[in-house]
Structure formats: C-alpha cells, structure tokens
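**Q** The structure is given below, and queries will be raised subsequently.
The values are calculated or read from the model by the stated rules, or taken from the named source; none is laboratory data. Computed from a predicted structure; not experimentally measured. Positions of Cβ are backbone-derived with ideal geometry, glycine not excepted, and every protein chain shown enters the neighbour counts.
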Amino acid sequence: MLLQHGYNTYAIGKWHLTPANQISAGGPYDRWPLGRGFECFYGFLGAETNQYYPELIYDNHSIDPPKTPEEGYTMNEDIVNRTIQFIADSKQVTPSKPFSMYFCPGAMHALHHIPKEWADKYKGKFDDGWEAYRKRTFSWQKEFGIIPKETELSRHDPDVKPWDQCSPEEKKTLCPYDGGLC
C-alpha cells in the first residue's frame with residue numbers, strides 16, 4: 001500500500017515471517033520481504049542468526065558480511081549502516097519522497113551475541129536471578145506510573161525453574177559472562 005502511495009519501503013534486520021521450508025536460494029520468494037511489498041531488504045530470515053557470522057540476505061540473495069569480527073564486525077552496526085545508506089541514497093535522488101522502514105535488530109533476540117565490552121558493563125547486576133530482576137522491574141513500573149499502583153505481580157511461570165533451584169553450572173550457562181547477562 002505504501003509503495004502505491006509514493007513511499008520507498010525498506011526492511012532491515014530480522015525477518016521471521018518466511019516458513020523454514022521456503023528459506024533457500026531456490027525460493028519461493030513470495031514470503032520474503034521483497035515479496036511482501038518492500039523494495040529493499042538487508043538482514044536475515046528466520047528467528048535468529050549469529051551476530052558475528054550472520055547468514056545475511058540482501059534483497060533475495062545471500063551475501064557475506066562486509067568484514068569479519070576480527071576486523072570489528074557486529075551485525076547491529078552493519079544493519080544500522082545499511083539503513084543509513086538506503087535512506088541517504090533515496091534522499092540524494094528524491095529528497096522529498098517519504099519512506100517506511102521496518103527495522104528489527106537481531107541482537108534483541110540473541111543477547112549472548114553482544115560484544116563482550118557491552119556485557120562487561122552489566123557484570124554482577126543480575127546475579128540474584130530472574131525473579132529478583134522481575135520484581136525490581138515491576139516495582140519501577142509502579143513507581144514511574146507505567147502500571148497502576150494496585151497491580152499485582154503475576155505468578156511465577158511454572159515452566160521456568162526458580163533461580164534458587166538452579167545449580168552453579170546452570171547459572172554459569174545462563175550467565176556466560178560470569179553472571180553478567182542474567
């Protein structure tokens with residue numbers, strides 16, 4: 001619809017709307033971003049991809065990342081740079097043309113793939129586990145008026161093991177930077 005009304009349309013990052021049996025170089029492509037009304041796509045198909053060695057797609061074909069992690073590559077930076085490039089290219093030719101951008105960074109789905117220096121900033125802040133963090137967040141939400149003061153915290157998910165019942169090995173697995181990510 002936006003294309004028909006004069007917009008440029010871009011999809012960047014995670015595209016988790018294509019059935020797994022249709023994610024191949026042979027298509028079909030009708031459920032890929034270009035088949036869904038986007039003019040340009042840069043990102044990955046499926047739920048997750050490695051943030052350092054991603055399975056990148058540009059429009060309807062696979063490409064290699066522009067550099068390696070050893071050269072400083074992270075997917076978040078790459079997709080931001082590609083976003084800027086798409087918009088700059090459009091604005092250089094038709095500065096008044098509107099655009100619509102679907103932007104979904106993959107790192108929000110694969111936090112264990114963030115650069116170590118980012119994780120190090122939070123080392124130790126979540127060592128008391130997910131229930132404690134959940135309670136703190138709930139309290140902050142009440143304090144700042146995000147949720148009503150009379151709201152009650154929902155029950156603990158019975159399918160999630162309580163933090164205090166996790167072994168030290170499980171906690172280390174769940175917090176790969178010595179407790180910095182849980």
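**Q** From the list 97, 91, 125, which one is at negative phi, exposed (fewer than 15 other Cβ atoms within 10 Å of the Cβ) and either in a helix (DSSP H, G or I) or polar (S, T, N, Q) (or both)?
**A** 91
**Q** Ok, one more. In region 1-56, how many residues are among the basic types (Lys, Arg) and either under 23 Å from residue 77 (Cβ atoms) or part of a loop (DSSP other than H, G, I, E, B) (or both)? So that I can check it myself, show each step before the final result.
**A** To start, the set of residues in region 1-56 that are among the basic types (Lys, Arg) comprises 14, 31, 36.
Cutting the leftovers down to either under 23 Å from residue 77 (Cβ atoms) or part of a loop (DSSP other than H, G, I, E, B) (or both) gives us 14, 31.
Within region 1-56, residues that are among the basic types (Lys, Arg) and either under 23 Å from residue 77 (Cβ atoms) or part of a loop (DSSP other than H, G, I, E, B) (or both) number 2.
**Q** Please go through (1) surrounded by 15 or more Cβ atoms within 10 Å (Cβ to Cβ); (2) more than 20 Å from residue 17 (Cβ to Cβ) for residue 81 and return the number of the only condition it doesn't satisfy.
**A** Evaluating residue 81 over (1) surrounded by 15 or more Cβ atoms within 10 Å (Cβ to Cβ); (2) more than 20 Å from residue 17 (Cβ to Cβ) leaves (1) as the failure.
**Q** I want to confirm something. Restricting to region 140-160 and keeping residues that are over 26 Å from the mean Cα position of the chain (by Cα) and surrounded by 11 or more Cβ atoms within 10 Å (Cβ to Cβ), which single residue is nearest to residue 174 (Cα to Cα)?
**A** Checked region 140-160; the qualifying residue nearest to residue 174 (Cα to Cα) is 153.
**Q** Restricting the first residue to region 80-95 and requiring it to be at pLDDT 95 or above, which pairs with a second residue that is of a type in the set (S, T, N, Q) meet a Cβ separation below 8 Å and a spacing of at least six or different chains?
**A** So the pair list comes out as 86/8.
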